[in-house]
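Report on the following structure.
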Amino acid sequence: MKNQNKIIGALDIGTSKIIVLIAEISNGTDLNILGMGEASTHGVNKGDIVDMEATSNCVYAAINTVEKSAGTSFEKLYMSLTGGHIRGFYNKGIVGVSSPDNIIVEEDVKRATESARVKELRPDRVYIHHILNGYKLDGKNIEFPLGKEGEQLEASYLHITSDEKKLADQIHILNWMHYTVDDVILSSLASGCTLVTELEKINGSLVIDIGAGITDYVLYLNGKIAKTGVIKVGGNHITSDLGMALRINTQRAEEIKCQYNKLADDENLENRHLWLYGDRSIGDRPVQVNAIDQIIEARLDELFNIIKNELGTSFKPNETVTKITLTGGTSRQAGITNIAKNVFEMDVSLGEIPNWVQKELRHPEYSTVLGILLFALKYQKNDIVSKKKKSRFKILSRLFSSSK
Amino acid sequence: MNRKPNFDLSNENSWRRIEQKGFSHSISESVRILKIKKRLKQGSIISLIIITLIGIGWSANYIKNNHQYFNIIKFPQPVRHISYRTTGVLSREWLDTQVDFSQYEDMMEINLVQIKSKLEKLDQIKSVSIKRNFPDEIQVYINELEPIMRYVYKNNNNVKELYLISMDGQVYKGHNYSKDILNKLPFIKGVDIILDGNNNANIDELNSITELLLITKKRFPRLYDSWNVISYNDFKLNIISDNSVIVIKGDIINETLFMPYNFDLQLNNLANVIQFSINNNTPKINRIDLTLNDRVNVKFD
């Protein structure tokens, strides 16, 4: 078979940094990461682009780095998407079974899915994903409806939508550099792709990706995406809280946050302290670590409670959900798993990047961009399968046409 | 049906309705630089293509107008010219009888090593160098032996055959030598040269005489030309023996006797005697004995 190697790029524009990975997909099955480029982000606030020029320069820097490190350019580009403008809703399509013997045929399934997917949006909104959530036959959940007997078939879809202009801004930045975006993937789905196995999805799993500006989450129930959302709270809010509470500037608050994370490895934090300005100048004074701990805990506790409330009744600890995974840059915050554990009333772990990924990329902030690559790989597989089917069909049709 | 891709977007409300295209205006400095780089790259590629096309066109036109200079050699190429260069006297006609190049239809077919070996087996030829000069010429360089003596050999049937002896003692039958050349060569007598199958003689026996002849030919060419016979009758292989004498008979001096060594000294003495004879207008020298070391015995007519 002819080798079908493709060089693809995965771009994640975050609030604090832009990450680009370049990888080679061989024969639609093997993924080989060739290089990584990173750049600090300017012009992005809580996932939304507020300064096109500044963001454009940062994206250019990251892409330039990755292409130089890999020594090649990508042919296809996949991009993650997040922000407060992302919305999700369910829609159902209900059809009566058409055949006289009430056996469901392909046409019935097609009508049900089309009905579930046809819903007019506001003119400023666009669909990002249509995620099949399952079928019901006469009110009962079924996995594969084809060939079953019943009267009414229901298809349920989770639709993810975005603000058209905000998405267009992100795409146009790349268009200006003469790159075309091949697909857009919701950040939370990309992170889930990296960190959760198929079995964990079936058993129920919650992935929370805490970035600098926003937090994405995705809930898997019975192997399907049950809920996903974006909360405009992230690591920057912790820094901001520290700044306000201790009356220091943001830069110093970020330094104190990092110093606290280093100290937090010690068990005895009772009498430990950090210097407010760090330069022992006039007015510099020690701050009890416990006080910092309380400020951070308050913000994270609030964040996890918001997520818990949004999940509602679908989240039942150790019943519907058996695993909670934290990822994203802010998941490195010391003590975060304990705070989450208290809120969700079950064990919480930090996301582990799979072993096939290079050691340098096995950090929580790369889970989204790695997920984009996995999504692209899955997309390529489907693409190859459909192309193979098409080519087989072509051969068959040629055989028939030649026999005429 | 569940196995169908979940992320299917065929709806007109899909994000794919957002138009993706390169924009004419640049929003930031980096994008501007990128655009300039891309345009330069595109420009250089286009220029390269144009230059290549112009080059091809010009070359085609040049070849069309100057096709006589572009003879493309197609193999097989027959041998059209054979040139011989020799240091001696061998003629083209004689050489053509030895090597037949016409049997080869193709330049590349010719086995140069074989021909070289064949020519070098000929007794008059010392060494041969052959090379192909494409498209159709074979060049043969021949280094011949240079004769300094003649030798008459009686074969088994008592028939006399003339042989020549080269500077390095090779005995061979000469070809293409003119009478003028041959007449200038002295005969050697009193030596039984036993020829092997390749006409090679015992070189050791001839070493001393060839040395004498070479020095004489170089220092006194007229005297050398006047020498007719070199006699080995009183020559013994043991050159240290006082009795070994080389007798040379010639036109200017009837008989000259040499010791088989110290030729320079003897020739100096000979030169002094001749000079004395000319200066004093003496009668013709009949015999001169140079074998007495510091003395010379001269007999006038």
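Only the coordinates and a few stated rules stand behind these numbers; no lab work does. Note that this is a predicted model, so its numbers are computed, not measured. Cβ coordinates were reconstructed from backbone atoms using ideal geometry, including for glycine residues, and neighbour counts include every protein chain displayed.
Expressed as a whole number of Å, what is the distance separating the alpha-carbon centroids of the stretch B:253-301 and the stretch B:89-109?
Centre-to-centre (Cα) distance: 51 Å.
Quick one: divide the alpha-carbon radius of gyration of the stretch A:87-162 by 2.2 N^0.38 Å and tell me what you get.
Compared with the compact-globule rule of thumb, the stretch A:87-162 sits at 1.17.
If amide hydrogens are placed 1.01 Å from N in the peptide plane, which non-local residues have theirs closer than 5 Å to the one on A:ASN222?
HN-HN under 5 Å from A:ASN222: A:GLY204.
Rg and Dmax in Å for the stretch B:81-144, alpha carbons only: what are they?
Here Rg and the maximum Cα pair distance are 11.1, 32 Å.
Using the count of nearby Cβ atoms within 10 Å as a rough guide to exposure, how do B:PHE187, B:PHE134 rank from fewest to most?
Lowest to highest Cβ neighbour count: B:PHE134, B:PHE187.
List B:THR282, A:THR337 from most exposed to least, where exposure is judged by having the fewest other Cβ atoms within 10 Å.
In increasing order of surrounding Cβ atoms, one gets B:THR282, A:THR337.
When the Debye formula is applied to the Cα atoms of chain A, each taken as the same point scatterer, what base-10 log of I(q)/I(0) results at q = 0.07, 0.09, 0.13 Å⁻¹?
Once normalised to I(0) and log-transformed, intensities are -0.40, -0.63, -1.20.
Would you mind telling me the antiparallel percentage of the DSSP bridges in the protein assembly as shown, rounded to 5?
Bridges in the protein assembly as shown are about 75 percent antiparallel.
Divide, for the stretch B:132-175, the radius of gyration over alpha carbons by 2.2 N^0.38 Å, where N is the residue count.
1.79
If you line up the Cα atoms of the stretch A:22-117 on their principal axes, what length do they span on each, largest first, in Å?
Computed over the Cα atoms, the extents are 63, 38, 14 Å.
For chain A, with a Gaussian network of springs between Cα atoms less than 10 Å apart, report the residue from A:ASN133, A:ASN249, A:ASN45 with the top mean-square fluctuation.
Evaluated over chain A, the most mobile residue of the options is A:ASN249.
Plugging the Kirkwood radius over Cα pairs into Stokes-Einstein for the stretch A:247-369, at a temperature of 37 °C and a viscosity of 0.692 mPa s, what D comes out in µm²/s?
198
Measuring from label point to label point, each 7 Å out along Cα→Cβ, what is the B:LYS121 to A:TRP356 span in nm?
Spacing of the two 7 Å Cα→Cβ label points: 7.5 nm.
By how many degrees, between 0 and 90 and to the nearest 10, does the Cα long axis of helix A:52-70 differ from the longest principal axis of chain A?
The angle comes out at about 80 degrees.
Quick check on the exposure proxy: order A:HIS159, A:HIS42 from fewest to most C-beta atoms within 10 angstrom.
A:HIS42, A:HIS159
Given Cα pairs under 8 Å that are at least 6 residues apart, what percent is the relative contact order of chain A?
16
How many angstrom separate the Cα center of the stretch A:49-65 from the Cα center of the stretch A:179-251?
Taking the Cα centre of the stretch A:179-251 as reference, the centre of the stretch A:49-65 is 22 Å away.
Helix A:106-117 against the longest principal axis of chain A: what's the angle in degrees, Cα atoms only, rounded to the nearest 10?
The answer is roughly 40 degrees.
If you average 1/r across every pair of different Cα atoms in the protein assembly as shown and take the reciprocal, what Kirkwood value do you get, in Å?
It works out to 36.3 Å.
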